[in-house]
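The values are calculated or read from the model by the stated rules, or taken from the named source; none is laboratory data. Nothing here was measured: the structure is a model prediction, and the numbers come from that model. Cβ: placed from backbone, ideal geometry, glycine included. Neighbour counts: every protein chain shown.
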């Protein structure tokens with residue numbers, strides 16, 4: 001078993017209400033319903049994972065997940081609006097309209113280290129073995145994600161030292177990071193995502209393990225890797241995230257053509273990261289308005305510098321194909337990315353001198369925003385783009 005289970009555990013550190021900042025008013029009302037209902041039926045039920053971490057940091061969680069001693073059938077029996085999903089490990093999805101409160105039975109690791117490493121290439125390690133709050137905490141990825149909030153006495157339960165690491169602003173692997181990253185290589189990408197999103201430093205041992213084990217990411221399932229790559233954009237911190245991928249060697253494993261180009265384009269000083277920083281500002285602005293940026297736009301910005309280095313006809317298709325080959329992205333991402341890259345020439349001309357029918361293209365607004373992102377990264381004038389935006393508004397008023 002993992003090394004941390006060999007140590008004699010003295011029990012968790014329990015932080016009483018006066019020792020932390022979490023308030024029930026900041027917890028989703030439907031998540032509270034789930035917690036109270038399960039507790040009233042005699043089960044243990046905690047708010048778990050990233051939701052607890054974000055509340056402690058004064059952030060609004062995207063999701064509120066529940067861990068419980070109730071088995072999936074018991075959870076389903078307790079809630080009429082519950083649906084069970086998953087094959088290897090059953091999860092309960094309790095639906096409130098379009099919202100889902102994911103509820104999982106406490107788990108434990110049921111395989112030996114040797115078995116985990118031997119089967120690492122088959123996908124993320126999962127098990128069907130129920131456990132306790134303690135074993136569930138230790139099977140999580142990083143200490144900041146291993147905290148539980150107990151609605152019964154409003155305390156935070158910490159088996160893994162997560163509270164200290166939140167205060168230190170550190171991302172630290174639970175257990176031996178070499179083993180944990182072989183167990184599930186995608187955890188290396190998650191470490192970078194949390195570090196860049198939260199502004200936390202990756203702990204030295206965890207960082208060293210990423211540098212040693214980065215090539216293990218090639219054994220991970222491509223759909224999971226693709227999903228995690230695009231998640232790096234979602235919090236307006238992609239410039240930092242992709243610079244870390246490059247620094248640790250993961251970018252070379254994930255997107256080798258892009259990594260080789262960045263090597264020849266100044267490394268960490270490549271304009272690629274300047275364009276991503278401009279994209280981050282756009283992502284934050286759109287998020288504040290309740291909108292999400294398309295993956296086609298993200299891909300185009302990521303490959304802008306590489307595209308501009310290509311002098312041949314069809315450069316947009318060529319560079320987007322390297323992304324598609326590596327991550328098996330949907331065709332919609334490929335075609336949108338190509339159109340956006342090649343829209344620069346068209347939108348650099350005044351609409352009075354260009355073919356105006358482009359405003360009817362379904363990707364026109366993305367093209368407009370893509371060009372603004374690039375112009376702002378380069379500190380250039382946007383007056384011609386404003387003319388195109390005005391033309392689009394005219395079209396909308398006529399329709």
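Structure notes:
- Residues (assigned to a helix (DSSP H, G or I) and exposed (fewer than 14 other Cβ atoms within 10 Å of the Cβ)) located in segment 261-280: 263, 264, 267, 268, 269
- Within segment 360-381, the set of residues being closer than 16 Å to residue 345 by Cβ and more than 29 Å from the chain's Cα centre (by Cα) comprises 361, 380.
- Flag for residue 142 being surrounded by 17 or more Cβ atoms within 10 Å (Cβ to Cβ), under 24 Å from residue 216 (Cβ atoms), at pLDDT below 95 and touching a helix residue (DSSP H, G or I) at 6+ places or on another chain (Cβ under 9 Å): no
- Within the span defined as segment 313-334, one or more residues are part of a helix (DSSP H, G or I) and over 28 Å from residue 243 (Cβ atoms).
- Any hit, segment 159-176, residues being crowded, with 23+ Cβ neighbours inside 10 Å, in contact with a helix residue (DSSP H, G or I) (Cβ under 7 Å, 6 or more places away or on another chain) and modelled with pLDDT under 95: no
- Counted residues, segment 12-31 - those being assigned to a helix (DSSP H, G or I) and either within 17 Å of residue 56 (Cβ to Cβ) or touching a strand residue (DSSP E or B) at 6+ places or on another chain (Cβ under 7 Å) (or both): 8
- Of the set (1) farther than 18 Å from residue 134 by Cβ; (2) under 29 Å from the mean Cα position of the chain (by Cα); (3) surrounded by 14 or more Cβ atoms within 10 Å (Cβ to Cβ); (4) at pLDDT 95 or above, all apply to residue 81 but (3).
- Of all residues in segment 224-253, those that are under 22 Å from residue 278 (Cβ atoms) and in contact (Cβ under 8 Å) with a residue 24 or more places away in the chain total 17.
- For segment 32-60, the set of residues classified as within 16 Å of residue 132 (Cα to Cα) and in a helix (DSSP H, G or I) consists of 38, 39, listed by residue number.
- Residues in segment 331-342 that are touching a residue at least 12 places away in the same chain (Cβ under 8 Å) and either surrounded by fewer than 22 Cβ atoms within 10 Å (Cβ to Cβ) or not assigned by TED's automatic domain parsing to the domain that holds residue 297 (or both): 332, 334, 335, 342.
- Test: residue in segment 46-67 that is at pLDDT 95 or above, more than 28 Å from residue 234 (Cα to Cα) and either assigned by TED's automatic domain parsing to the domain that holds residue 165 or surrounded by 14 or more Cβ atoms within 10 Å (Cβ to Cβ) (or both): no
- Residue 312 vs. criteria out of contact with any helix residue (DSSP H, G or I) (no Cβ under 8 Å at 6 or more places or on another chain) and either free of Cβ contacts under 8 Å to residues at least 12 places away in the same chain or assigned by TED's automatic domain parsing to the domain that holds residue 284 (or both): no
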